[in-house]
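Just so you know, all these numbers are worked out from the coordinates, no wet-lab data involved. Since the structure is predicted, the reported quantities are computational estimates derived from the model, not experimental observations. Reconstructed Cβ throughout: ideal geometry from the backbone, glycine too, with neighbour counts over all protein chains shown.
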Amino acid sequence: MSYTLWLIPEEEKVKTYLSQIINELANKYNGPTLEPHATLLGDLPLSLEEVTKGCENFVAKTKPFTVEINIVEYSTTYYQCIFARLKPPPELMSLYDLAKQSMELTNQSIFMPHLSLFYGNISYQQRQEIMDTLQFVPQKFTVSSIVIVPGGENLPLDWKHLAEYKFL
C-alpha cells in the first residue's frame, strides 16, 4: 500500500463551498464525490511508519499559512479533470521541498499545487462546457496540518484520514 499527504482547508465555509461544487459536478457528470483537498505528495512508496516519521520531522518545522485558489482549469488526466490552481505562497513550496526531504524522495516530479474539483474521463468538450459555465468564486484558506490517507488504486470512498499532524 502507498500513502498520500493532503492539505485540507481549515475553514468550514471554504470546505462547504468547495464540497458543493465537487458534489454538483460529480452528480451531473457521474463522477466520484471527494473531500476537498490539495495533494502535497502522492502515492508514497513507503510504509505507514516511514510516512509517519517523515511527517513528524517536517511538521515540527512548519507554521500555518494561507493559500489562495482563483483559477479553474482542466487537463487530460482523470485526477485533474477539473481543478482549481493554488496560488502557491513561498511557504507551500518550502513545505513541498521539506516533505520530500523528510521522506527521502529523490525524484524530481513537478509540483503543480491544485485542488481537484472533479475526477473523471469526460470529453474535452464537456470539460470546456464546465469551464464555460462554472462560476467559481476565488477562495483563501488556512493550511494548518498534514493528513495521511491511503494512496494507490483506492477509490475516493476509501480515502480515510489515517493520521493528522498539526503545524506549530
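Counting 0.36 nm for each residue step from Lys28 to Leu105 and taking away their Cα separation leaves a gain of 23.9 nm. Between the amide H of Ile71 and those of Arg85, distances stay under 5 Å, these residues lying 5 or more places away or on another chain, with hydrogens modeled in the peptide plane. Here the contact order of the stretch 67-149, divided by its residue count and restricted to Cα pairs under 8 Å and six or more residues apart, works out to 42 percent.
With contributions of -39500 (n - 2.57) from each DSSP H run of at least four residues, the per-residue ellipticity at 222 nm computed over the chain stands at -10000 deg cm²/dmol. For a label point 7 angstrom out from the Cα of Thr52 toward its Cβ, which stretches of the stretch 100-119 have the backbone nitrogen within less than 19 Å? Once the point is set 7 Å along Cα→Cβ of Thr52, 102-104 turn out to lie under 19 Å by backbone N, inside the stretch 100-119. Taking a Cβ cut-off of under 12 Å around Ile21, the surrounding Lys, Arg, Asp and Glu residues balance to a net charge of +1, with basic ones at +1 and acidic ones at -1. Taking other residues whose beta carbon is less than 10 angstrom from the beta carbon of Ile82, and scoring Lys, Arg as +1 and Asp, Glu as -1, yields 0. Fully extending the segment from Thr142 to Met112, taken as 0.36 nm per residue of separation minus the present Cα-Cα distance, adds 9.0 nm. Counting other Cβ atoms within 10 Å, keep those with at most 11, restrict to DSSP loop, and tell me which GluC sites (Glu not before Pro) in the stretch 74-168 are left. Those that pass, being in a loop and sparsely packed, are Glu104, Glu153.
Around Met1, what is the net charge, scoring Lys/Arg as +1 and Asp/Glu as -1 over all other residues with Cβ under 15 Å from its Cβ?
Residues near Met1 contribute -4 overall.
Which of the pairs Lys140/Lys160; Lys28/Lys166; Lys28/Lys53; Lys61/Lys140 have their Cα atoms more than 32 Å apart in this structure? From Lys140/Lys160; Lys28/Lys166; Lys28/Lys53; Lys61/Lys140, over 32 Å: Lys28/Lys166; Lys28/Lys53. Short-range pairs are left out: with C-alpha atoms under 8 Å and at least six residues apart, the relative contact order of the chain is 36 percent.
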